[in-house]
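Note sheet for the following structure.
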Amino acid sequence: DLVRSRGLGDVYKRQNQYYVDFSLSDTDWNEIYQDAIPELDEIESEEDLFELFSLMITPLQDAHNILAIGTINNGDEDDFSVSYKPDYVEILLDEFLTIEDLEELQTQEQAQAANQYIQSQLDIYNETILAYAKEETAEEAADNDFTWFITDENIGYLSISSMANFLDSDSDLKDDIQVLTQILNRALTALKDVNGLIIDVRMNGGGHDEISMLIAQRFMANSGHVYSKQARLGNDRTPLLNVYLEPASDNQYLGPVVVLTSASTASAAEVFALAMGSFVNVSIMGESTQGAFSDVLTSRVTSDIVFGLSNEYYLSTTGQWFEHIGIPVEPQIPFLTSEQREQKRDYALEEALKHLTQ
């Protein structure tokens, strides 16, 4: 009983003191806490407690409000969080459920069929992207985390699908930076003579801000302020920290750039887009991003359960805050629609090509 009540109290207090803003989801956290108290009488295990906490944070619709057993590994199937906007996997899963006339997956066979459907649609998407490449210009690295090619219009394309784990699922930041440097040198050497460049982070769920900034440095001509951040601290905030970047010393691309984003662009990938949007040579197109910028502030609730919450404000160079709503884009072009897959076309990529060849 003591563990349960302390656990609930810890989740309530930490969220109440450090969560960025309950009004983003129009959530009454005090009401949720009061409703949860009577439920403690029914808790018989840590699994039950985990379920109760999951129900409490669901209304926040915040991908960085996370529950985990042991440690938090963003994207781990055992972690629990609820995103404000569905990502591409959720979109494709909903398609599968609609096709099969199901409300949810109920059997192992259905789960396997759903995974096969999702993979088949992603294969179609990848084939569609590569069809825009001029013959023999396509290359990839880090198990397809990076793909690049040149189009017939002499426009470069660089897809970056992660900001972490370029060697394997456990590679550390130091190793990732070393691998990233080698890959960017290869890619930007191949793309150095293009008339414009498309950087595609529509399937990038994030990773390390440090990786995002190392990539952004390759596309900035002058040192400058790229974003600001601070954290909530009770009824106050920590001092505002302005983040400045210096251009990379070599292997840069300083021509016109279009960054493609989607609702699946999250966390460190959004920080990348936020920084890139401060450069005069960069346009952002596609869909507004997920709106999950904040790093995760974690605490251990019980011996097994770890709780993480969104604690930080990321601000543009003009002071705009895009948490929950995502970075705005112009023009807005939907991503991964069934119509585009059927037609073997990518409307956002085509709009970027049009923009860069005008």
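Can you pull out the strands (runs of 3 or more DSSP E) entirely within the stretch 225-332 that have at least 1 residues that are more than 27 Å from residue 58 (Cβ to Cβ)? Walk me through it before giving the result.
Numbers: elements: 241-245, 257-261, 282-286, 296-300, 305-310, 312-315.
The qualifying strands (runs of 3 or more DSSP E) are 241-245, 257-261, 282-286, 312-315.
Quick check: is even one residue across the stretch 31-44 within 23 Å of residue 323 (Cβ to Cβ) and open to solvent by less than 60 Å² (accessible area, probe 1.4 Å)?
If we filter the stretch 31-44 for residues that are within 23 Å of residue 323 (Cβ to Cβ), which is where we start, we get 31-33.
The next check asks that each one be open to solvent by less than 60 Å² (accessible area, probe 1.4 Å); those that pass are 32-33.
Yes - at least one qualifying residue is present in the stretch 31-44.
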Next item on the list: Please list, ordered by first then second residue, the pairs with beta carbon atoms under 9 Å, 6 or more apart or interchain, first in the stretch 232-244 and surrounded by fewer than 11 Cβ atoms within 10 Å (Cβ to Cβ), second of a type in the set (Phe, Trp, Tyr).
Entry: 234/18
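Got at least one residue in the stretch 321-339 being without any contact (Cβ under 8 Å) to a residue 12 or more places away in the chain, of a type in the set (Asp, Glu) and more than 24 Å from residue 65 (Cα to Cα)?
Pass one, the stretch 321-339, residues without any contact (Cβ under 8 Å) to a residue 12 or more places away in the chain: 321, 337, 339.
Keeping just the survivors that are of a type in the set (Asp, Glu) gives 339.
Okay, now just the ones that are also more than 24 Å from residue 65 (Cα to Cα), so 339.
Among the residues of the stretch 321-339, at least one is without any contact (Cβ under 8 Å) to a residue 12 or more places away in the chain, of a type in the set (Asp, Glu) and more than 24 Å from residue 65 (Cα to Cα), which makes the answer yes.
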Next item on the list: Kindly list the number of the only condition in (1) within 21 Å of residue 204 (Cα to Cα); (2) assigned to a loop (DSSP other than H, G, I, E, B); (3) modelled with pLDDT of 95 or more that fails for residue 115.
Entry: (2)
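The values are calculated or read from the model by the stated rules, or taken from the named source; none is laboratory data. Not measured: the values here are computed from a predicted model. Glycine also receives a Cβ, built like all others from the backbone with ideal geometry; neighbour counts cover every protein chain displayed. For the accessible areas, the whole protein counts, side chains as well, though only heavy atoms, and no ligand, DNA or RNA atoms are used. Shrake-Rupley method; radii C 1.70, N 1.55, O 1.52, S 1.80 Å.
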